[in-house]
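Peer 1: First the structure, which I've put down as structure tokens, then a few questions once you've had a look.
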Amino acid sequence: MAVITTVIRDWRGYKFVNMSTQDDKGRLFYENFIILQRDTIPNHVIFNENTGKLLQKINQKLEHKFLAAKKTNPCLENITFKPFELDKLKLEINDKKQFIFTAEYDAVIACIPAICYRVIIPYSKIRKYLIETLTKVNE
């Protein structure tokens, strides 16, 4: 696989890394991870004890998108929506301070481009779910 793009956003000591690669058939695959100092950390580490409420909201939005898409996408025919754990979602942050949660569903290889849904939450709304280190200074 060849690396197509890598985006690293440094935000309050955390690095949000988004990398896309392309296989020999031209299909794109994405990998997202968070780095604190030199260690890769799971998503849940940057969220506080209220994460359950946040995850419930994210899963509600994902389910809504999934059910709407299932009506028109034959790739989703044999797939049932299951709520995602926070660490199973891909997480990135863009230059507008929006947190983007991406869910990927298991499907046949031919459907890979079609089985990905995103929930975008602005910092102003996600702030109450973040650990204190990410909510201090330089709002």
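Nothing in this text is a laboratory measurement; each read-out follows from the coordinates by a stated rule. Since the structure is predicted, the reported quantities are computational estimates derived from the model, not experimental observations. So basically every Cβ, Gly included, is an ideal-geometry build from the backbone, and we count neighbours across all protein chains shown.
Peer 1: Determine the gain in length on full extension of the stretch VAL17-TYR30; use 0.36 nm per residue of separation and subtract their C-alpha separation, reporting nm with one decimal.
Peer 2: Gain on stretching VAL17 to TYR30: 3.6 nm.
Peer 1: Enumerate the whole-percent occupancy of each 5 Å bin, from 0 to the last occupied one, for all C-alpha pair distances of the stretch 45-97.
Peer 2: 4, 16, 21, 21, 17, 11, 7, 2
Peer 1: Only loop residues by DSSP count here, and only those with at most 10 other Cβ atoms within 10 Å; note down the GluC sites (Glu not before Pro) in the stretch 52-93 that meet that.
Peer 2: Passing sites in the stretch 52-93 are GLU77.
Peer 1: With viscosity set to 1.306 mPa s and temperature to 10 °C, compute the Stokes-Einstein D of the stretch 17-81, Rh being the Kirkwood radius across alpha carbon pairs; µm²/s, no decimals.
Peer 2: 105 µm²/s
Peer 1: Right, next: Fully extended, how many nm does the chain gain between GLN98 and ARG118 (0.36 nm per residue separation, minus their Cα-Cα distance)?
Peer 2: Separation in residues times 0.36 nm, less the Cα-Cα distance, equals 6.0 nm.
Peer 1: Once the other residues with Cβ under 15 Å from the Cβ of ALA68 are scored (Lys, Arg +1; Asp, Glu -1), what is the net sum?
Peer 2: Summing Lys/Arg as +1 and Asp/Glu as -1 gives +3.
Peer 1: Now, a different point. Less than 16 Å apart at the alpha-carbon level, and either on another chain or at least 8 residues along: which aspartates and glutamates does that give for LYS65?
Peer 2: Partners within reach: GLU77, GLU104, ASP106.
Peer 1: Which entries of LYS25/LYS70; LYS53/LYS125; LYS61/LYS88; LYS71/LYS97 have Cα-Cα distances beyond 24 Å here?
Peer 2: From the list (LYS25/LYS70; LYS53/LYS125; LYS61/LYS88; LYS71/LYS97), the Cα-Cα distance tops 24 Å for LYS25/LYS70; LYS71/LYS97.
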